[in-house]
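A.B. asks: Here it is, the structure, as structure tokens.
The values are calculated or read from the model by the stated rules, or taken from the named source; none is laboratory data. Here the structure is a predicted model, which means the values were calculated and not measured. Using ideal geometry, Cβ is built from the backbone for each residue, glycine included, and neighbour counts are taken over all protein chains shown.
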Amino acid sequence: MNHELQINGFTRVADTQADTPLLWALRDVLGLTGTKFGCGAGLCGACTVHVDGVATRSCLTPVGSVVGKAITTIEGVGQGPVGAAVQKAWIELDVVQCGYCQPGQIMSATALLSANARPSDAQIDEGMAGNLCRCGTYGRIREAVKRAARTIPITQVSGKA
């Protein structure tokens with residue numbers, strides 16, 4: 001069955017069943033492999049994408065539930081000012097170690113800063129909870145979120161990544 005999906009500002013057609021997880025439609029059908037498979041149970045955050053600006057675990061989200069909604073993946077998050085600032089901070093602070101979890105980390109950080117341009121450390125920890133990093137780069141992740149927050153003019157934060 002064909003599903004028209006709005007991904008990173010473009011209409012893409014995924015030929016898949018309505019109950020197929022969005023993760024597999026993105027990776028296996030549409031070739032957008034930046035979104036990672038981690039646990040398959042929505043617990044690790046590696047598969048995080050935005051659906052209408054909200055951080056969403058794509059491994060648990062059926063394709064049929066996102067038809068007509070704006071989906072943003074790691075491949076497109078840098079098109080917006082918040083996502084671009086987060087990606088820049090990640091590079092400047094050399095956050096990545098193995099890198100596997102980082103697409104999900106960046107997607108969660110972008111959603112957090114889109115909703116709260118100046119989060120406290122506790123709010124960063126809460127906003128990033130559920131994104132696991134086996135390499136333990138949590139300190140660098142928090143610093144990158146704070147750096148990105150300092151560079152985003154509050155007028156550019158619209159509630160959408």
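A.B. asks: Filter region 3-37 for residues that are assigned to a loop (DSSP other than H, G, I, E, B) and small (G, A, S); which is farthest from the chain's Cα centre (by Cα)? Spell out the reasoning first.
C.D. replies: Taking region 3-37 as the starting set, the residues that turn out to be assigned to a loop (DSSP other than H, G, I, E, B) are 8-9, 16-20, 30-37.
Next, from what is left, pick out any that are small (G, A, S): 9, 18, 31, 34.
Values: G9: 15, A18: 22, G31: 17, G34: 10 Å.
The extreme case among them is A18.
A.B. asks: Looking at region 53-161, what helices (runs of 4 or more DSSP H) fall wholly within it and have at least 1 residues that are closer than 29 Å to A14 by Cβ, outside the structural domain of G42 (by TED's automatic domain parsing) and touching a strand residue (DSSP E or B) at 6+ places or on another chain (Cβ under 6 Å)?
C.D. replies: Details: elements: 81-92, 102-115, 121-128, 138-151.
Here the list reads 102-115.
A.B. asks: Additional query: Please go through region 68-88 and give me each residue that is within 13 Å of L26 (Cα to Cα) and either buried (at least 19 other Cβ atoms within 10 Å of the Cβ) or more than 13 Å from the chain's Cα centre (by Cα) (or both), ordered by number. Explain how you work it out, then say what you get.
C.D. replies: Residues of region 68-88 within 13 Å of L26 (Cα to Cα): 71-76.
Matches in region 68-88: I71, T72, T73, I74, G76.
A.B. asks: Say we look at region 97-120 and pick out the residues that are under 20 Å from R150 (Cα atoms) and over 15 Å from the mean Cα position of the chain (by Cα); which of these is surrounded by the fewest Cβ atoms within 10 Å (Cβ to Cβ)?
C.D. replies: So the first thing to find is which residues in region 97-120 are under 20 Å from R150 (Cα atoms), and the list is 105-120.
From what's left, over 15 Å from the mean Cα position of the chain (by Cα): 116-120.
Values: N116: 16, A117: 17, R118: 12, P119: 20, S120: 10.
Per the stated criteria, the residue is S120.
A.B. asks: Just for region 1-50: of the residues that are among the hydroxyl-bearing types (S, T, Y), over 18 Å from Q87 (Cβ atoms) and touching a helix residue (DSSP H, G or I) at 6+ places or on another chain (Cβ under 6 Å), which one is surrounded by the most Cβ atoms within 10 Å (Cβ to Cβ)?
C.D. replies: First, pick out the residues of region 1-50 that are among the hydroxyl-bearing types (S, T, Y): 11, 16, 20, 33, 35, 48.
Right, trim to over 18 Å from Q87 (Cβ atoms) and you get 11, 16, 20.
Keeping just the survivors that are touching a helix residue (DSSP H, G or I) at 6+ places or on another chain (Cβ under 6 Å) gives 16, 20.
Details: T16: 21, T20: 19.
That would be T16.
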